[in-house]
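Reading through the structure tokens given below for one structure.
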Amino acid sequence: MTEKHNLALAIFDAEDLAIISAHVQDAAVRVGDMAWLPEQRRFAILADRFDHGAALGGRCERVRCGLHFNRVRDVRQTGVPQLTPDVVLELLAIAFTQSNAPSGFITLAFAGDAMIRLDVECIEGAMRDLGHRKPCKPAPAHHGADEAGHHREKDA
């Protein structure tokens, strides 16, 4: 695909976040490609996004994408193997829970019950395809992970 087919989407509300969640569902995320940048109040991810739109057209491919959230006050995680940066997690969904409008929590849910929760002042971020596409296996299956839901980098 050419660059004109790459996505570049802003995130400013729960509806935008739901759209992003659909686009990054089944993304392969290396633990070492996630970063909490407290001095910038930003959480950033590089991922290999499964292109569900391309799959509908008969092409199974992944595209490298960047995803970030701004105005992040704190980050908590459960089940993310921080000491093994080459482990690849499968991103299942991203959701927002409002606490004291407009602040709340953005939750990134991964296969195997791994989770990252961002405490945010408000929803603000973006997702952008970086252009590098590669063929992949047909639609991801959530049962291909080990007991903890992790894949090794070579398998993802």
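The table that follows gives values for the structure above.
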| item | result |
| --- | --- |
| Given (1) in contact (Cβ under 8 Å) with a residue 40 or more places away in the chain; (2) of a type in the set (D, E, K, R); (3) over 16 Å from Phe110 (Cβ atoms); (4) surrounded by fewer than 17 Cβ atoms within 10 Å (Cβ to Cβ), number of the condition Asp86 does not satisfy | (3) |
| Residue in region 53-63 that is over 18 Å from Asn6 (Cβ atoms), modelled with pLDDT of 95 or more and not aliphatic (A, V, I, L, M) present | no |
| Residues that are within 14 Å of the chain's Cα centre (by Cα), surrounded by fewer than 22 Cβ atoms within 10 Å (Cβ to Cβ) and of a type outside the set (Asp, Glu), drawn from region 114-129 | Met115, Arg117, Ala126, Arg128 |
| Filtered residues of region 53-79 (kept if within 21 Å of Leu89 (Cα to Cα) and free of Cβ contacts under 8 Å to residues at least 40 places away in the same chain) | Thr78 |
| Selection within region 94-113 - at positive phi and surrounded by fewer than 15 Cβ atoms within 10 Å (Cβ to Cβ) | Asp113 |
| Odd one out for Leu17 among (1) closer than 14 Å to Phe110 by Cβ; (2) surrounded by 14 or more Cβ atoms within 10 Å (Cβ to Cβ) | (1) |
| Region 12-36: number of residues that are more than 20 Å from Gly131 (Cα to Cα) and either of a type in the set (Lys, Arg) or out of contact with any Ser or Thr (no Cβ under 7 Å at 6 or more places or on another chain) (or both) | 10 |
| Test: Val24 is touching a Cys at 6+ places or on another chain (Cβ under 8 Å), at pLDDT 95 or above and either crowded, with 16+ Cβ neighbours inside 10 Å or of a type in the set (Phe, Trp, Tyr) (or both) | yes |
| Test: residue in region 37-55 that is part of a loop (DSSP other than H, G, I, E, B), within 27 Å of Lys134 (Cβ to Cβ) and out of contact with any helix residue (DSSP H, G or I) (no Cβ under 7 Å at 6 or more places or on another chain) | yes |
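The values are calculated or read from the model by the stated rules, or taken from the named source; none is laboratory data. What you are looking at is a predicted structure, and each value in this text was computed from that prediction instead of being measured. Every residue, glycine as well, gets a Cβ built from its backbone with ideal geometry; the counts of neighbours run over all protein chains shown.
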